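Here, each number is a calculation from the coordinates, and none is a lab measurement. The model shown is predicted, which means the values in this text are computed figures rather than measured ones. We place every Cβ from the backbone using ideal geometry, glycine too, and count neighbours over all the protein chains shown.
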Amino acid sequence: MVLIDSSTTPTRAPAPGVLDGYKPIPGTYDELVDDKGATRAHGQMLAGMLRNMSADAFARCQALAELSLAQRGVTFSVYSDSRGTEKVMPVCLIPRVMGAVEWARLEKGLVQRLTTLQLFLDDLYGPQKVIADRIIPAELLLGSKQYLPQLRGMKPPGGVRIHIAGIDLIRSPDGVLRVLEDNLRTPSGVSYVIENRLITKRLFPAAMDRIGVRRVDDYPVQLVETLRSVSPEDPDRSTIVVLTPGPFNSAYFEHSFLARSMGIELVEASDLFVHGNEVFVRTTLGPRRVHVIYRRTDDAFIDPEFFRPDSLLGVPGLMRAWAAGKVTLANAPGNGVADDKAIYPYVPDLVRYYLGEDPIVEQVPTYICARPADRDFVLGHLSELVVKAVDEAGGYGMLMGPQASAAEIAMFHDRVSADPRRYIAQRRIELSTSPTWVADSRTVEPRRIDLRPFVLSGKGRSWVLPGGLTRVALRPGSYVVNSSQGGGSKDTWVQAEAS
Amino acid sequence: MISRVADHCVWLGRYVERAESTARLLQVTRTLAFDAELPPMACWRPLVIVSGQYPELVGQLGAESAGNGEAVQRYVTWAPENPVSIRNSIRAAREGARSIREVIGHDIWEATNELYLWFMSEGAASQYLHDRDEVYRHIRRSTQLCLGLVRSTMLHDQPMDFLWLGVMLERVGQTARTLDMHHHIRTAAELGQQSLLGNAIWLSLLRACSGFEAFMREQQGRVSGEAVVGFLLFESRFPRSLRYCLKTALGLVQRLAGARTRGLSEARERLQALDRWLDVQEKNGLAISDHALLTHVVDETAAACGTLQKSLSARDPEMSIPQPEAAQ
């Protein structure tokens with residue numbers, strides 16, 4: 001395939017560049033251009049490149065990128081089709097650039113947050129001081145569907161619970177990055193970060209060079225070192241595997257990608273069995289002992305003996321082996337309670353409680369209806385707020401105040417009054433935008449984005465991938481960045497520190 | 001390596017090889033149908049018979065369809081309901097490659113995926129209408145690329161041995177089936193053994209096995225049924241002969257077994273028996289396209305594949321636990 005580095009193609013006449021006429025949405029923070037229309041400091045190089053690119057040149061690059069992704073098989077499966085139809089992850093070639101200073105601060109903040117959540121999980125599945133000290137109401141914690149009381153007293157082999165975290169961040173109109181959600185179970189998306197980078201490297205090498213973009217391609221090496229460090233036995237003599245639900249899982253590409261780039265085996269549950277509390281994989285040479293499992297399956301499908309007696313999925317006896325300290329599961333089971341909606345509002349308090357520090361990264365201000373003052377405010381402002389039931393997911397039990405009918409608001413007024421502990425509320429955040437290629441009109445327009453950085457934690461080591469997955473809501477006016485609902489991704493360029 | 005993955009490797013090799021040999025057979029039969037003044041039924045029906053799908057084709061499209069070159073080509077190339085159509089072989093190869101991508105590596109995956117994406121594209125469908133030879137050529141080139149990459153990019157280790165074992169076993173069956181076509185063509189056209197037309201058929205079958213030039217060099221142009229059959233059955237230096245493929249398959253099985261791979265003994269015994277049987281046939285001078293003989297080869301190869309698959313996918317709870325060993 002012939003690829004053109006358009007960023008180095010000199011323009012003879014000042015042809016219209018794709019960035020001409022770009023206007024951010026009023027009241028929304030744009031990542032490249034400020035509200036006076038001036039390019040932000042860290043975006044100068046990128047803006048310069050885009051101003052020199054015609055729509056034709058950009059469309060050509062975009063088409064090459066899409067072809068390359070299809071040929072490399074960078075796809076996700078769509079669940080609604082039982083045959084597992086694959087779609088290419090939509091990608092916008094215009095990267096999101098993050099300045100070195102902001103990134104350094106974010107890295108510190110993420111490590112602080114993960115350290116806190118790890119201490120919180122150790123405490124919750126151990127002495128439960130957080131309850132005795134009344135930091136979080138006991139009924140909120142113990143009543144969470146994600147809290148697994150049968151794990152209390154078990155210590156994870158290797159000591160780490162959140163080996164791989166994906167923290168979803170958004171930027172509010174005041175320019176502040178805020179945590180929207182912690183993903184501490186099986187966060188996905190890192191393979192797109194690396195694949196997107198391969199494409200931008202091929203298409204925009206000169207611009208990347210000038211900006212000084214930090215590399216992301218050592219993620220697999222960092223991941224396998226992280227996993228090795230938490231082995232229950234000699235790390236250098238340990239067998240590590242990736243456990244996938246199989247080719248029809250929506251993230252199968254990533255499971256395969258990670259196993260391949262770490263040089264370890266990709267296994268399905270039926271390849272594993274437990275004998276005398278040790279885990280083995282069935283190989284052509286007979287059974288081989290397994291020490292660390294990077295599992296990309298949900299808690300409920302780890303071990304039918306432990307979680308779902310009715311299920312045939314999973315590896316019978318795996319939890320026994322884990323409890324006996326014979327195998328490390330990454331991430332540890334039971335982490336869901338720490339990324340629960342009901343716990344989220346308390347994370348800043350947890351940072352202060354466990355570390356005695358102020359939180360470095362902000363989060364979205366949240367009203368906890370269990371608190372009388374918050375409840376009264378929420379009841380008086382339902383039409384402005386997003387109200388969420390803490391024990392529901394996927395948009396159920398949710399009120400979008402600004403779009404809701406009077407009847408819906410009245411219904412939620414009754415519900416919140418009757419059972420305030422079940423509800424939290426937030427203002428709808430105007431997600432920041434990034435210039436995004438719109439294929440239909442062949443123009444560049446602002447589209448809303450979020451950011452999912454990945455944090456690896458091993459024994460005595462933490463590492464933040466300098467970049468992360470920037471997801472973009474490709475539909476005009478949309479706030480939904482999920483790939484299943486018209487979302488795409490962008491490469492995230494983190495500038496190296498100025499030397 | 002993981003037993004399930006070993007099974008996938010065998011099947012990947014088989015599907016890729018099957019797509020190639022099917023494309024080649026279609027291309028050659030087209031040429032034969034144009035040149036040889038054979039009735040269309042005598043050309044096309046044997047192709048469907050040796051693929052094992054004759055009753056299904058007749059059931060779906062009627063008995064006369066087997067004499068319709070377009071219908072047969074469409075059925076063997078595209079039909080989703082034909083389990084051995086090129087479409088299904090390419091799709092299965094690509095799905096197999098996708099599920100063992102971390103084992104075969106990126107190059108082989110990309111070549112398989114590109115073949116699949118191209119074959120399912122409108123471009124391929126329209127090329128099929130306007131330049132059909134190019135479609136079959138494209139399939140042959142792409143599958144050859146995949147198999148070439150297997151040998152030139154993969155570690156020469158167990159996964160490659162299993163993959164190549166699949167290729168060799170499929171090729172044994174395909175070569176036997178191709179030879180068997182002669183029997184069916186001759187029966188259908190009521191031809192004498194030594195007619196010129198008979199020679200045209202032998203040469204076509206050589207071409208279908210990529211053996212035309214090698215054969216001509218060996219025989220310096222002396223074409224006879226005995227010579228062609230002898231070449232395709234017994235020539236140990238020709239990489240598509242039964243003897244070569246069987247010996248290579250046996251060598252791979254022995255190497256895998258030597259590396260302590262379990263569950264291969266039954267497949268090895270079957271292949272050894274077939275190899276010995278082939279020796280006997282050669283000594284007895286039975287270098288003739290005997291339908292029963294070739295059917296035996298096809299059946300025995302299928303049985304060897306069956307036992308291989310069964311032992312690789314076994315979920316034996318009695319698998320003995322090894323002593324601690326070095327990490328991989």
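Counting Cβ atoms of other protein chains within 10 Å of each residue's Cβ and taking the mean over peptide A:265-273 gives 4. Compute the long axis of helix B:40-50 from its Cα atoms, compare it with the longest principal axis of the Cα atoms of chain B, and write down the angle in degrees, 0 to 90, nearest 10. Approximately 20 degrees, to the nearest 10. Each of A:CYS92, B:CYS305 was scored by other Cβ atoms within 10 Å of its Cβ. Listed from fewest to most, they are B:CYS305, A:CYS92.
Scanning chain A for trypsin sites (Lys or Arg not before Pro) that sit in a DSSP loop and have at most 10 other Cβ atoms within 10 Å, the longest stretch containing none of them is A:135-499. Farthest toward the dipole's positive end in the protein assembly as shown, which of B:SER241, A:PRO24, A:ILE136, given Cβ charges of +1 (Lys, Arg) and -1 (Asp, Glu) about the Cα centre? My answer, from the dipole projection, is B:SER241. Cβ crowding within 10 Å ranks A:ASP236, A:ASP209, A:ASP299 as A:ASP236, A:ASP209, A:ASP299, fewest other Cβ atoms first.
Note on chain B: GNM, Cα springs under 10 Å; of B:ARG140, B:ARG222, B:ARG255, the largest mean-square fluctuation is that of B:ARG222.
About its Cα centre, the stretch B:3-312 has a charge dipole of approximately 660 debye under the convention of +1 per Lys or Arg Cβ and -1 per Asp or Glu Cβ, with nothing else charged. Rounded to the nearest whole Hz, the Karplus-based 3J(HN,Hα) values (6.51 cos²θ - 1.76 cosθ + 1.60, θ = phi - 60°) of the stretch A:139-154 follow the sequence 5, 5, 6, 6, x, 5, 5, 8, 7, 10, x, 5, 8, 4, x, 7, with x at glycine and proline.
Built from the Cα atoms of the stretch A:365-427, the convex hull projects on average onto 3.7 nm², one quarter of its surface area. Per-residue extension of 0.36 nm, minus the Cα-Cα distance of A:MET400 and A:PHE377, leaves a gain of 6.7 nm for this segment. The radius of gyration of the Cα set in chain B, together with its Dmax, comes out at 20.1, 69 angstrom. When A:GLU268, B:GLU81, A:GLU305 are arranged by Cβ crowding within 10 Å, least crowded first, meaning fewest neighbours, the order is B:GLU81, A:GLU305, A:GLU268.
Taking Cα pairs under 8 Å and at least six residues apart, what relative contact order does the stretch A:365-427 come out at, in percent? Show your work: numbers first, answer last.
Values: 96 pairs, mean separation 30.6, N = 63.
Reported as a whole number, the value is 49 percent.
Rounded to the nearest 0.05, what FRET efficiency is calculated for B:ASP107 and A:ALA38 with R0 set to 51 Å and r the Cβ-Cβ distance?
On the way: r = 47 Å, r/R0 = 0.92.
That gives a FRET efficiency of 0.65.
When Rg and the Kirkwood radius Rh are both evaluated on Cα atoms of the protein assembly as shown, their ratio Rg/Rh stands at 1.04.
How big is the dipole moment of chain A about its Cα centre under a simple scheme where the beta carbon of each Lys and Arg is +1, that of each Asp and Glu is -1, and everything else is neutral? Debye, nearest 20, please. Working shown, then result.
Details: 58 positive and 58 negative charges, 129 e Å.
Taking the Cα centre of chain A as origin, the dipole is about 620 debye.
Straight Cα distances below 24 angstrom link A:LYS155 to the lysines A:LYS129, A:LYS145, A:LYS326, A:LYS459, with same-chain residues fewer than 8 positions distant left out. Axis of helix B:291-312 versus longest Cα principal axis of chain B: the two differ by about 20°, to the nearest ten degrees. Each helix, a run of at least 4 DSSP H residues, gives -39500 (n - 2.57); summed and divided by the residues of the protein assembly as shown, these come to -15000 deg cm²/dmol at 222 nm. With all pairs of different C-alpha atoms in the average, the Kirkwood value for the hydrodynamic radius of the stretch A:115-250 is 18.8 Å. When the Cα gyration tensor is reduced to axis lengths a ≥ b ≥ c, the ratio a/c is 1.5 or higher for the stretch A:158-220, and with a/b not above b/c it is classed as oblate. The residues neighbouring B:ARG276, those whose beta-carbon lies less than 13 Å from its own, together hold a net charge of 0 under the Lys/Arg +1, Asp/Glu -1 convention. Once the Cβ-Cβ distance between A:GLU408 and A:ASN482 is put in as r, and R0 is 25 Å, what FRET efficiency do you end up with, to the nearest 0.05? In this case the efficiency is close to 0.60.
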